[in-house]
1. Quick one: Karplus J couplings for region A:630-645, per residue in order, coefficients 6.51, -1.76, 1.60, θ = phi - 60°, nearest Hz, x for Gly and Pro?
2. Taking all protein chains together and a probe of 1.4 Å, list A:Leu111, A:Leu628, A:Leu541 from the most accessible to the least accessible.
3. What is the percent carbon and sulfur in the accessible area of chain A, measuring with a 1.4 Å probe over the protein chains and ignoring ligands?
4. Restrict the search to region A:246-304; then list the GluC sites (Glu not before Pro) that DSSP places in a loop and that have at most 16 other Cβ atoms within 10 Å of their Cβ.
5. Along the Cα→Cβ direction, 7 angstrom out, place labels at A:Lys691 and A:Glu674. What is the inter-label distance in nm?
6. Amide H neighbours of A:Leu183 under 5 Å, at least 5 residues apart or on other chains, H built in the peptide plane: list them.
7. Obtain the nm distance between the two label points defined at A:Asn449 and A:Arg50 by a simple spin-label model: each point lies 7 Å from its Cα along the Cα-to-C-beta direction.
8. Taking 0.36 nm per residue of sequence separation and subtracting the Cα-Cα distance, how much length would be gained by fully extending the chain between A:Ile417 and A:Asp316, in nm to one decimal?
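The values are calculated or read from the model by the stated rules, or taken from the named source; none is laboratory data. Keep in mind it's a predicted model, so treat the numbers as computed, not measured. Because the Cβ atoms are built from the backbone with ideal geometry, glycine has one as well, and the counts that use them run over all protein chains shown. The area values use the complete protein model at the heavy-atom level, side chains included, leaving out ligands, DNA and RNA. Shrake-Rupley method; radii C 1.70, N 1.55, O 1.52, S 1.80 Å.
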Amino acid sequence: MSATKTQMISRRKFLQLSGALAATTAVTNPYRVLYALTRDKGEITPDEIREVFSACDMCFNKCGLIAHVENDVIKKLDPNPNSLKSRGMLCARGNAGVKQLYDPDRLKYPLLRKGARGDGKWQRLSWDQALDHAAEQLDKIGKEYTRCGFLFMAGTDMQSTFVHQFAEAYGSYNVISHESNCLLSRNRAFLDTYGVMPTPDVLNCKYVIMPGSNRFEALVTPDSMDLMTAKGNKSKLVVLDPRFTKTAALADEWYPIKPGTDMAFFLGIAHVIISEELYDETFIKEKTFGFEELKEHVKQYTPQWAAKETEIPAKDITRIARELASAAPSAMVYPGRRSSDYEDSTQIRRSYAIVNALLGNWDQKGGLQVPKKIKPGSMHIEAPFYEDNPDDRVDAGRAQMMFDEEGSFKHTRDAVIEGKPYPIKGWMTYKTNPMQTGANRDKTIEMINTLDFMMTVDIAMSDTAWMADLVLPAPSYLERQDPLSAFLAASTCSGVITRDPVVPAMFESKPVFWIVKELAKRLDLGEFFDFTVDDFRKAQLKKIPQVAKALKEDGVYNITGPSFGIHKGKPFKTRSKKIEFYNTRYKDKGIDPMPVYKQPKTIPENHFRIVVGRNAYVTQSASTNNSLLWELEKENTLWIHPKPAIAMGIKNGETVFVKSLAGKVTIKARVTKETRPDTVYMDTGFGVLSKGLTNIFGKGACIAQVLEDKADKISGNMAMHETFVTVTKT
Amino acid sequence: MTKKLGVAAIIMVFMVVTIGVAMAEGKGNARKGKYLFRKSCRTCHIEDGSAKDLSPVSKTQADWQIIFDNTSKLQCKEEWEKLSEKDILDIHAHLWGHAFDSPSPAKCK
């Protein structure tokens with residue numbers, strides 16, 4: 001495979017040409033109102049008003065929406081009442097999607113870096129120039145370092161599948177997702193216990209223990225709405241969190257658990273349930289493996305012992321265990337989502353999974369479910385094999401049980417910096433912002449500085465785009481055609497959704513599908529992208545015409561019918577074909593086959609543990625610059641308890657230094673009792689380097705700059721609660 | 001003649017044992033195996049194909065092992081005979097390594 005030379009020009013010639021054509025382009029836009037919004041077409045006639053179905057992309061939930069369009073301008077976004085998953089609702093972030101579309105800060109045309117990385121000096125390119133340059137780099141790096149010398153990273157997006165397909169056709173299996181900065185250790189734990197990642201039926205659950213998750217702020221549909229509905233139906237909610245979140249505020253009981261001790265709490269719960277024989281004996285006998293080993297294992301973990309670890313009274317642990325068992329099987333330990341916290345985060349989540357199994361809530365109403373799903377067809381490519389490629393991923397072997405198709409950002413970054421086991425010199429990112437979401441920002445910069453070439457496809461000039469050599473503008477979700485996306489959700493609301501352009505793509509933005517297709521053409525790989533998104537969708541819909549009809553008429557396809565009691569008699573996808581209290585594969589690999597509690601590291605004197613979280617109006621770094629949402633939070637603050645703040649003479653609103661082994665930032669203190677005295681917190685998504693994010697540039701601090709990059713040993717997931725910081729007056 | 005047959009039998013047994021041990025040790029290249037599986041098996045084992053649609057997650061690791069231990073009993077044994085020892089190890093690494101109950105089940109075929 002070689003690039004089509006006739007379609008490319010040499011870098012030298014290209015730079016000569018482009019240098020002569022254009023001067024450095026400013027990224028920031030002095031005009032704060034978009035032309036699209038100022039067009040005055042006079043009175044609107046009914047035929048100029050449209051209502052168009054779409055799916056939200058302000059976070060990963062894909063809630064159904066209806067865009068109200070006048071004169072080809074989206075005036076507002078409404079919830080799609082047909083969407084069962086989103087319960088006919090659209091949150092504040094969803095409503096603010098209009099401002100992602102009509103954002104003067106959007107990337108408008110391809111940009112080539114002109115100064116040093118991160119200097120913010122750019123030169124405008126035509127698409128042909130940009131694609132020729134990118135193809136030349138892909139070809140050059142592939143030849144010099146093998147195809148695996150080019151790394152791909154795509155975030156959660158309905159077009160990310162095309163980036164994966166391009167990487168496969170190009171020949172690199174170094175593809176990572178955002179997930180190793182998020183939820184992989186949770187998936188690992190439940191997969192290794194149940195053989196699948198179940199969804200929680202919060203709506204019908206009578207008793208929910210929520211460790212760490214903040215479902216009333218870090219929204220997950222339908223769980224956030226269902227939890228509120230369930231509370232109205234007298235369901236009990238117990239929250240364990242070092243912070244007094246909105247979820248804690250609305251809970252029946254809140255325990256500011258000592259950070260890093262959740263496993264001790266759940267081993268204590270397991271001890272009570274087993275020692276008092278509060279479990280369903282038939283369920284345990286028929287559906288689980290290793291109960292006797294577990295019984296022996298948890299004897300040591302008494303509620304009195306757990307109380308010393310967690311700082312939650314033993315009588316409460318015992319009572320909660322009894323209450324849970326009494327409500328079972330409509331009772332659960334909520335599995336949560338982001339689990340990138342500790343070096344044993346998989347084992348912590350294993351303890352959640354094990355207690356759920358003791359409650360016998362598998363496939364039960366109000367328990368953990370795997371609802372019916374519909375599988376769209378697919379369009380596979382017959383990717384070539386490149387004999388000179390190395391045998392495995394660059395991060396292989398750095399974690400005990402990494403997911404092959406997800407990888408680990410932390411371990412890949414380390415491998416790129418070290419150049420071992422082989423060099424990686426190119427990087428393409430799409431719809432992901434590891435400069436803000438990957439702990440230890442300095443290390444990400446160090447990684448980028450080892451590269452020969454980096455390209456980013458995004459809607460706005462994120463910090464990751466700011467560090468790239470080539471930046472390509474993508475349309476927002478309201479301007480593009482996407483493939484179908486099937487989703488699973490408990491309580492009868494799994495389904496399928498898609499997107500068509502609500503309005504034409506603005507500026508020179510192009511979807512990533514078009515970009516990789518054009519790159520493939522230039523690299524003699526055009527045969528692997530010899531189709532359109534429409535063709536792709538037709539292949540997806542080939543055997544499910546009912547989905548096509550529903551998408552057209554309702555904007556969503558809902559899967560109806562019960563979501564529980566549908567797996568009776570079916571084996572689990574585990575080695576033992578049962579729910580595994582005891583994991584023999586772990587034992588074979590030298591991993592504890594049942595969760596063994598290890599105390600979290602002691603916080604050094606005059607230090608705090610820093611924790612990560614979310615509020616309801618930001619999606620990590622993707623929405624903090626949105627002008628509507630920015631009105632709600634103009635900068636982040638450091639939550640610090642009054643006790644240490646008073647001792648250090650730190651006043652509310654005062655600027656402080658926050659310092660760790662990874663870095664140092666300045667940020668305003670928020671002196672509040674809503675966090676433990678030993679724990680501090682700040683929101684993600686501020687302290688940006690990019691001057692292309694004009695609302696938030698110069699505001700707040702970047703948490704990735706102070707978080708140290710530890711990893712979960714089993715999954716390779718980032719461990720973001722292992723960092724200790726000092727807080728001092730400026 | 002008997003002696004020759006005996007030697008052949010010993011060689012066969014040795015090969016089976018060698019491949020078996022190599023499989024158990026996971027010595028194949030799963031990346032190459034994915035390519036070979038598509039090229040050699042997915043020509044028939046595909047949706048609407050002449051044989052049952054197959055992907056790594058179609059079977060458990062134990063079930064795949066039974067297949068690989070008994071390729072001579074398969075309807076498509078002649079196709080298997082065309083593969084080299086290394087090819088079989090690579091395909092095994094892909095299918096067994098990404099099976100239904102494996103630590104890293106395949107997402108796509």
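1. My calculation for region A:630-645 gives 5, 4, 7, 8, 8, 7, 8, 10, 9, 6, 9, 5, x, 4, x, 4 Hz in order.
2. A:Leu628, A:Leu541, A:Leu111
3. Working: 14120 of 26970 Å².
Carbon-and-sulfur percentage of accessible area, whole number: 52.
4. Within region A:246-304, the qualifying GluC sites (Glu not before Pro) (loop, at most 16 other Cβ atoms within 10 Å) are A:Glu276, A:Glu277.
5. Rounded to a tenth, the inter-label distance reads 3.4 nm.
6. A:Ser339
7. Rounded to a tenth, the inter-label distance reads 4.9 nm.
8. Values: separation 101, 0.36 × 101 = 36.36 nm, distance 4.80 nm.
Stretched out fully, the A:Ile417 to A:Asp316 stretch lengthens by 31.6 nm.
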